[in-house]
Structures are given as structure tokens and as C-alpha cells.
1. Considering only residues that are within 19 Å of Asn54 (Cβ to Cβ) and in contact with a Cys (Cβ under 9 Å, 6 or more places away or on another chain), look in the range 99-123 and name the one that is nearest to ligand 1 (Cβ to nearest atom).
2. For Ala29, are the conditions met, namely being of a type in the set (A, V, I, L, M, F, W, C) and under 16 Å from the mean Cα position of the chain (by Cα)?
3. Could you name every one of the strands (runs of 3 or more DSSP E) located completely within the range 124-241 that has at least 2 residues being within 23 Å of the chain's Cα centre (by Cα) and surrounded by 14 or more Cβ atoms within 10 Å (Cβ to Cβ)?
4. Restricting the first residue to the range 85-97 and requiring it to be within 12 Å of His119 (Cβ to Cβ) and in the same structural domain as Phe146 (by TED's automatic domain parsing), which pairs with a second residue that is near ligand 1 (Cβ under 8 Å from one of its atoms) and part of a strand (DSSP E or B) meet a Cβ separation below 8 Å and a spacing of at least six or different chains?
5. Right, Lys16: free of Cβ contacts under 8 Å to residues at least 12 places away in the same chain, surrounded by fewer than 23 Cβ atoms within 10 Å (Cβ to Cβ) and either in the same structural domain as Phe175 (by TED's automatic domain parsing) or of a type in the set (D, E, K, R) (or both) or not?
6. Within 16 Å of ligand 1 (Cβ to nearest atom) and under 30 Å from Ile248 (Cα atoms) - does that describe any residue in the range 58-79?
7. Determine which single condition Phe152 fails, assuming it passes every other condition in (1) without any contact (Cβ under 8 Å) to a residue 40 or more places away in the chain; (2) more than 16 Å from ligand 2 (Cβ to nearest atom).
8. I'd like to verify a number: residues in the range 69-83 that are touching a strand residue (DSSP E or B) at 6+ places or on another chain (Cβ under 8 Å) and surrounded by 14 or more Cβ atoms within 10 Å (Cβ to Cβ), how many?
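The values are calculated or read from the model by the stated rules, or taken from the named source; none is laboratory data. All values reported here derive from a predicted model rather than from experimental measurement. Reconstructed Cβ throughout: ideal geometry from the backbone, glycine too, with neighbour counts over all protein chains shown.
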Amino acid sequence: MQALHLLYKELSTPKKVIITMHQKPDGDAMGSTLGLYHFLIQFGHEVTVISPTNWANFLSWMPGVDKVLDYDKNPEKADQLIGAADWLFCLDFNTLSRTKKMEDVLGAALGKRILIDHHQQPQEEKFAFGVSDTSKSSTCEMVFDFIMASGFADKINNNIAQCLYAGVMTDTGSFRFPSTGASVHRMVAHLKDGGLQHSLVHEALFDNSTENRLRFIGNVLVNRMEVFYEYNTALIAIPQADLIKFDIKTGDTEGLVNYPLGIEGIKLAAIIIDRGEERKCSFRSKGDFDVNTFARTYFNGGGHFNAAGGATNNSLENAVADFKKAMKKNKDKLSTYTF
Ligand code: 5GP
Ligand code: MN
């Protein structure tokens, strides 16, 4: 994988460009791809953003989201665009399998695959150019760095600012996670100097819940959460029937895994959701407990040190039993709590 700055000399030569992200995109995936989109179209490139799947309603305000192609809805058109692309930007994921059904067509593409990502253990051999930096708060911060170093910082407009701010804010848990370096605050200061109205972005992201979703969260906290004080661990397990009962849509469960971390002393929080086709897991930790390794070892997944995910084909009941076994195996690491 060659350095990203080698692309700058070709930036002003119009190309066919695809920008894609991981399945079920979050704020950082959608924000970084659209932020880059609004930058690249200013050079006359023909740019299409493709999401492997649908996305959460709370992202639907983002400028340009109406043009994003949902692979699941139109795979033929997406395959054609991927096949014809000169550049294929792959943002906010480390392995092609994170694009689910797009994995094969992306892997076979003749154009140059370009990685911009902050997850651990990327498949570097799959990319012609790119940057992988696990110390970065978000892919949005990395797209900001890419634009700033290109010599075209003046092209950062309000669309770019809103998209990049949304991603950096959500991926840092509103600037609270340890990944929030001084560079994050410098980036936000730069965007604010350019006129960004950050409170509008917060409102668009967070104040658009349905009544059903709030009642669902109430039900989850009362009936679906177990706390294991001996292990400083809490687990939420959600049966599919709950998702149906409360009419839960993609993205409505985003952030739920963080709630148990609000309990004093909790070091590991986990959520397992029965999505029908699979049981999807999310893990969050505080301090020195490595959930990337935990997710890789027990749940066929990965992610970051303090935020990771995975999936299993086992039933919800068995997945919960597997989790408890894994928790017990990690007792030594979990039972000490130090800041
Ligand atoms: P979330 O829990 O928000 O879905 O994901 C947290 C982090 O873990 C994200 O950075 C995401 O990329 C990673 N992650 C989530 N699910 C999986 C998975 O199934 N496999 C891998 N390798 N990483 C995942
Ligand atoms: Mn990210």
C-alpha cells in the first residue's frame, strides 16, 4: 500500500470514482464518505458513494445522502459503477468482508483501491494506496487531514464541514473517548472558523428519535440487562420479538451498548441482538480491557481497543451462554478496575 499523498498530483484530472464504507454505516462511515464526496466533486470527478446496505434514519439529514446508492437495492448498477471506476475509496473499514455482499466485486475491481481507515489489522495488500492509523479518532479526521494536506483546504465548504463534524463527534462519543486528541479539537476549531453551526448537527443526529424507540430503550434497561458485579460487566440481550414489538429500524439500537457503562465500576459492556439472520454483538470497555481481542477470540469480530463488535450464528440463548463463559475466562482482567 503506497502513501496517500501520491494521489494529490492526479487530483485535478477528472476520474470515475467510487467511495464506499462498511455495511450498516454509522456517523463516521457516512460522514467521511460524504465529506470526501463533496471535496472530490469540486474537481470534476464523477463520484458515486455506495453503501453496502441501508442506513439509520438519523443519518438521513446529511448533505448528499439522497444520492448514496444502497448496494442491496440496486446491485447491478453498483457492480457496473465499481467495474468502471478508476479510484475506489474504501473508508472506515479494514477488511473487504466488512462490505458484506460487495466483498467479491470490490476485490475484483480493476481500478485502484484506496484505504482511509483507523481500525486495527487492515488488509493492506488489497489496497494500492492508503493510510491506516489506529491512533486517529475517526475516519472523518483522516479525510480532514487528507484535504488539509492536499493544498486545497479552501474547498472545505459547509457540506464537508457538517459531514466531517458529524463523524468525528459520533466516533469520539461527543469528544469524550481517549482517542480525542488535540488534533480533533484543532479540526473542530478550523471548521468553526469556517462557519460550522455544530449545534444543528447535534440536533439532527440526536433529537430525532421516535416515541417507540424511547419506550424500547426503557424496556431494554428494565427487562434485558444483566449486571455481573463480580466481573465489572453488564450484558444486554435483545430477542427479535422486541425489535418487532417496538418497530425497531436500522440504527435504532446505536449507542445502547454504552448505557451500562454508566453504572459505577462497569468495565465491560456488551449487547447481543437477535437480528434474525445472525446474532450481532457490540462490546465497549473502559481502561485496560481490550475488546478488540475479546471480539476476535470469542465472536468472530474485531474493532478497536475499547469498542468492538462481532456476530454469531448461535441462538441468542447460546450466544449469551458463550458470552458468560468468555467473561469468566477473563475474570482476572475484568475484576481489577483502575483508571
Ligand atoms: P459497533 O459495536 O458500533 O457495531 O462497532 C464497534 C466497532 O467494532 C466498529 O469500529 C466496527 O468497525 C467494529 N466491528 C463491529 N462489528 C464487527 C464485526 O462483525 N467484525 C469486525 N471485524 N469488526 C466489527
Ligand atoms: Mn470510524
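1. Looking only at the range 99-123, we keep the residues that are within 19 Å of Asn54 (Cβ to Cβ), and these are 99-103, 105-106.
Going one step further and asking which of them are in contact with a Cys (Cβ under 9 Å, 6 or more places away or on another chain), we end up with 99, 106.
Working: Thr99: 12, Leu106: 16 Å.
Among those that are within 19 Å of Asn54 (Cβ to Cβ) and in contact with a Cys (Cβ under 9 Å, 6 or more places away or on another chain), it is Thr99.
2. Working: of a type in the set (A, V, I, L, M, F, W, C): yes; under 16 Å from the mean Cα position of the chain (by Cα): yes.
Taking the combined requirement at face value, the residue satisfies it.
3. 129-132, 233-238
4. Partner pairs satisfying both residue conditions: Asn94/Gly302.
5. Numbers: free of Cβ contacts under 8 Å to residues at least 12 places away in the same chain: no; surrounded by fewer than 23 Cβ atoms within 10 Å (Cβ to Cβ): yes; either in the same structural domain as Phe175 (by TED's automatic domain parsing) or of a type in the set (D, E, K, R) (or both): yes.
Spelling it out, it is not the case that Lys16 is free of Cβ contacts under 8 Å to residues at least 12 places away in the same chain, surrounded by fewer than 23 Cβ atoms within 10 Å (Cβ to Cβ) and either in the same structural domain as Phe175 (by TED's automatic domain parsing) or of a type in the set (D, E, K, R) (or both).
6. Residues of the range 58-79 that are within 16 Å of ligand 1 (Cβ to nearest atom), as a first pass: 58-59.
Restricting the remaining residues to those that are under 30 Å from Ile248 (Cα atoms) gives 58-59.
Checked the range 58-79: at least one residue is within 16 Å of ligand 1 (Cβ to nearest atom) and under 30 Å from Ile248 (Cα atoms).
7. Only one criterion is unmet by Phe152, namely (1).
8. Final tally of qualifying residues: 6.
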